Amino acid sequence: MRDAAEFDAFYSASVQRVLGQLYAMIGNRAEAEDAVAEAYARAWDRWATVRECDSPEAWVRRVAYRVAVSAWRKTVNRLRAHRRDTTGQQVEATSVDHVAVVTALRRIPTEQRRVVVLHHLVGLSVTEIATEVGSNENTVKTRLARGRRALAAHLTEESSPHMDGGRST
């Protein structure tokens, strides 16, 4: 049976020390915090066994280190797999137009951006968008119209210095 008060006392007395130790071992505070939190969660799940260890704190520290190393290994393996998959592949350069469109999309309101992308990039109909976003068709049409106007204004602003030799309009 788990004793919450006993575990809470153990946690309070040891968490900062274990966190500091793990941070020193792996060199990344955020990763250390994540690993320590996971280790204490596992300790709570197994408290009846962990409390009987010679050093429950050592158990938590060991588990936290293994969690951190496991996360690190997964990241390294993911990067290796990505490199393997992309070796020898040509990557198309991003065009100036693409960058301008992405920048302009970021400047319009979220709901307008969502429907513009769903309609023009994904190719969904107004009815399909209404279903996906949980709205009615008139709202989608309004957001599309406003989004197009806002997008056009941002694209015109961004392209105008190039069109008139750098003079602002």
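Structure summary
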read-out: Any hit, region 93-107, residues being on the phi > 0 side of the Ramachandran plot and open to solvent by less than 80 Å² (accessible area, probe 1.4 Å); value: no
read-out: Search result, residues across region 42-78 that are of a type in the set (A, V, I, L, M, F, W, C) and loosely packed, with under 13 Cβ neighbours inside 10 Å; value: Ala48, Ala58, Val76
read-out: Of all residues in region 116-129 being under 24 Å from the mean Cα position of the chain (by Cα) and either at pLDDT below 85 or exposed (fewer than 10 other Cβ atoms within 10 Å of the Cβ) (or both), the one that is nearest to Gly147 (Cα to Cα); value: Val117
read-out: Cβ pairs under 7 Å, 6+ apart, first in region 39-64 and within 14 Å of Ala9 (Cα to Cα), second open to solvent by 50 Å² or more (accessible area, probe 1.4 Å) and of a type in the set (Phe, Trp, Tyr); value: Tyr40/Tyr11
read-out: Top-ranked residue in region 8-22 [being without any contact (Cβ under 8 Å) to a residue 24 or more places away in the chain and under 27 Å from the mean Cα position of the chain (by Cα); ranked as farthest from Arg51 (Cα to Cα)]; value: Gly20
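The values are calculated or read from the model by the stated rules, or taken from the named source; none is laboratory data. Bear in mind the structure is a predicted one, so any value in this text is a computation, not a measurement. Neighbour counts are summed over all protein chains in view; Cβ atoms, including those assigned to glycine, are modelled from backbone coordinates with ideal geometry. All accessible areas refer to the heavy atoms of the entire protein, side chains included, with ligands and DNA or RNA removed. Shrake-Rupley method; radii C 1.70, N 1.55, O 1.52, S 1.80 Å.
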